[in-house]
1. If the only charges are +1 at each Lys and Arg Cβ and -1 at each Asp and Glu Cβ, what is the size of the charge dipole of the range 160-267 around the Cα centre, to the nearest 20 debye?
2. Per residue, how many Å² of accessible area does the chain show with a 1.4 Å probe?
3. Residues of the range 33-62 with amide nitrogen under 12 Å from the 7 Å Cα-to-Cβ point of residue 12?
4. Stretched out fully, how many nm does the piece from residue 59 to residue 230 gain, at 0.36 nm a residue minus the Cα gap?
5. How much length, in nm to one decimal, is gained on full extension between residue 147 and residue 31, taken as 0.36 nm per residue of separation minus their Cα-Cα distance?
6. Would any residue of the range 95-133 have its amide N under 11 Å from a label point 7 Å out along Cα→Cβ of residue 206? List them or say none.
7. If the only charges are +1 at each Lys and Arg Cβ and -1 at each Asp and Glu Cβ, what is the size of the charge dipole of the range 2-266 around the Cα centre, to the nearest 20 debye?
Amino acid sequence: MATGTTGAGALRHIPLLPFGRIVEADGARITDIPTEKLLRWTEESRVLVLRGFPLLEKQEFADYCRTWGEVLKWDAGEVIDLIVEENPKNYLFASGDVPFHWDGAFVEADPRFFFFQCLDATPQAGGETVFSDTTAAYRDADPETRRRWAGISITYTTDKVTHYGGEVTENMVAQHPGTGVPVLRFAEPLDPAKYKNPVYATVHGIDPSEVEDFLTTTAELLHRPEYCYVHAWERGDIVIADNFALVHGRNAFRGPTTRHLQRVEVI
Ligand SMILES: [Fe+2]
């Protein structure tokens with residue numbers, strides 16, 4: 001455990017497993033830490049959990065994120081409120097699980113980071129955010145698997161029912177814009193029988209007879225515990241995540257929740 005000081009007091013660094021880091025503050029504000037430092041910690045840890053920092057007002061939150069880069073503007077604004085709804089149009093606002101994806105797949109610019117602040121949480125009710133480290137999955141893959149992945153691209157299609165939608169084709173293997181290491185861009189298709197707004201995946205570069213098995217084995221690989229950090233939300237958490245190194249999803253809720261997250265995407 002390392003400690004450091006800001007103008008407002010000591011910070012405690014607590015490593016998470018298998019990756020990620022908690023930085024605890026005692027009275028410091030997020031703006032007391034230089035952005036370059038937080039950016040370096042985020043790239044090193046891939047998920048940075050800030051605890052004990054006061055939350056920001058909605059506009060202040062967007063303005064803070066702007067110190068990291070351009071903030072993605074949705075129709076609903078720069079800050080998306082994620083609150084579980086009873087009759088949602090989109091699965092993101094429902095209480096079931098959210099399969100792995102990266103954020104912003106259906107917008108023109110790929111967000112580098114996403115920021116959450118947790119205004120309310122019901123810790124016993126489930127709904128943990130699960131982050132999977134695709135850089136580790138790539139690192140551990142054998143040469144033949146890597147060669148196969150390098151030849152694959154996937155077209156994802158979904159209808160726009162809330163703040164995103166459309167069609168996008170991505171290579172399975174991409175390069176991290178900050179660290180240069182290979183990353184996997186993989187989103188789990190969403191079955192129309194189970195999810196409010198399905199996402200369809202068309203896989204290019206392998207024999208059609210192998211597609212089903214490819215989708216299943218890739219999802220299983222990324223769900224392995226050694227690649228996943230599971231974040232149980234506490235009120236007051238600020239979480240910064242690397243949207244290129246990781247894919248993420250959410251466990252289903254196990255009961256009623258008052259959870260309220262606000263999210264901003266930085267390009
Ligand atoms: Fe997401």
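1. 680 debye
2. 46 Å²
3. 51-52
4. Value of the extension gain: 58.7 nm.
5. Roughly 37.4 nm would be gained on extension.
6. Under cut-off, by backbone N: nothing.
7. 460 debye
The values are calculated or read from the model by the stated rules, or taken from the named source; none is laboratory data. No experiment lies behind these values; they were computed from the predicted model shown. Every residue, glycine among them, receives a Cβ derived from its backbone with ideal geometry; neighbour counts consider all protein chains shown. When the accessible area is computed, the model is the full protein with side chains, heavy atoms only, and any ligands, DNA or RNA have been set aside. Shrake-Rupley method; radii C 1.70, N 1.55, O 1.52, S 1.80 Å.
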